[in-house]
1. Write down the percent of antiparallel bridges among all DSSP beta bridges whose residues are both part of segment 31-151, to the nearest 5.
2. If you take every DSSP beta bridge fully contained in the chain, what fraction is antiparallel? Give it as a percent rounded to 5.
3. In terms of modelled amide H atoms, which long-range or inter-chain residues lie less than 5 Å from the amide H of F99?
4. Quick check on segment 4-135: take the gyration tensor over C-alpha atoms, sort the square-rooted eigenvalues as a ≥ b ≥ c, and tell me if it's rounded (a/c under 1.5), prolate or oblate.
5. Please state the shape class of segment 59-160: rounded when a/c is under 1.5, otherwise prolate if a/b exceeds b/c and oblate if not, all from the C-alpha gyration tensor.
6. Is there a quick way to get the dipole size of segment 124-175? I mean about its Cα centre, with the Cβ of Lys and Arg at +1 and of Asp and Glu at -1; what is the value in debye to the nearest 20?
7. To the nearest 20 Debye, how big is the dipole of the chain about its Cα centre, given +1 on the beta carbon of each Lys and Arg and -1 on that of each Asp and Glu?
8. Using only the alpha-carbon atoms of segment 3-81 as identical scatterers, what base-10 log of I(q)/I(0) does the Debye formula give at q = 0.13, 0.21, 0.24 Å⁻¹?
Amino acid sequence: MNDVERFRRMREAAREIFLHALAKASIAKGFGRHVHCERGVLRVCEDLYDLHVYSRVLVISIGKAGHTMVEALAQQMGAAALEGIVASSVEPSAQVRGFRYFHGGHPTPNAESIHAAKAILKALEGQTAASLVIFLLSGGGSSIVEKPIDDEISLDDLMATYRALVHSGAPITEINAIRKHLSAVKGGRLAQAAFPAQQVSWLVSDVPEGMADALASGPTMPDSTSVEDCYRIAEKHELVAQLPHST
């Protein structure tokens, strides 16, 4: 066997391995392994949720995989049992019945990102201790759903801030640290808005392991960063002069 033939076979083997791993890692198969619903009892890994005891089950799905995750959940629970909001940058070929869809921007937010955040916050405000809120979170959620924590921050300023952060060379954890402190929905604020409802978050992560609060800027996760961290990061990457005055 010559070197050319050996190289061709190595490429084919590598491609087969990649495609096999990609198929095994699909969201639908992941849900099939870890999520199951039978006779009104939802099992997520080792946790059980008796759907009969909740007056309402609300699903909030955010990120590039927002629609795919809702589809996978509907396969396990039945679409008729679900309602909620999907915010994604990917336009689905068909929508799941019972859901409102928003086409948020990525990698920078757009007007739909703001509308999605407002709709989600409004939906969460109406939940009680008898509600179950299921959060489905995936990559891209930081820009796809966004609402400035201060009304003085315009959409144009927000977009300029995102562009400066994305092009700063800072790692995603540092970028999202700043995003969290400018946002009314990040850094655990969606979880706060959903209180006192029972909540569960399912994550399809594109951030380093052990940094769940960085995925979509952690809308349902405790914030491990501080305002002081934001100033340090901005100075480290020479961002202060690039950011709009309002941010």
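1. Among the beta bridges of segment 31-151, antiparallel pairing accounts for roughly 35 percent.
2. About 30 percent, rounded to the nearest 5.
3. Here the answer is G84, since their amide H atoms fall under 5 Å of that of F99.
4. Oblate is the answer for segment 4-135, as a/c is 1.5 or above yet b/c matches or exceeds a/b.
5. Here segment 59-160 falls in the oblate category.
6. Dipole magnitude for segment 124-175 comes out near 300 debye.
7. I would put it at about 780 debye.
8. Taken in order of the listed q values, log10 I(q)/I(0) reads -0.55, -0.99, -1.17.
The values are calculated or read from the model by the stated rules, or taken from the named source; none is laboratory data. Treat the numbers as computed from the prediction; the structure is a model and nothing was measured. Backbone-built Cβ (ideal geometry, glycine too); neighbour counts: all protein chains shown. Side chains included, ligands, DNA and RNA excluded: accessible areas come from the protein's heavy atoms. Shrake-Rupley method; radii C 1.70, N 1.55, O 1.52, S 1.80 Å.
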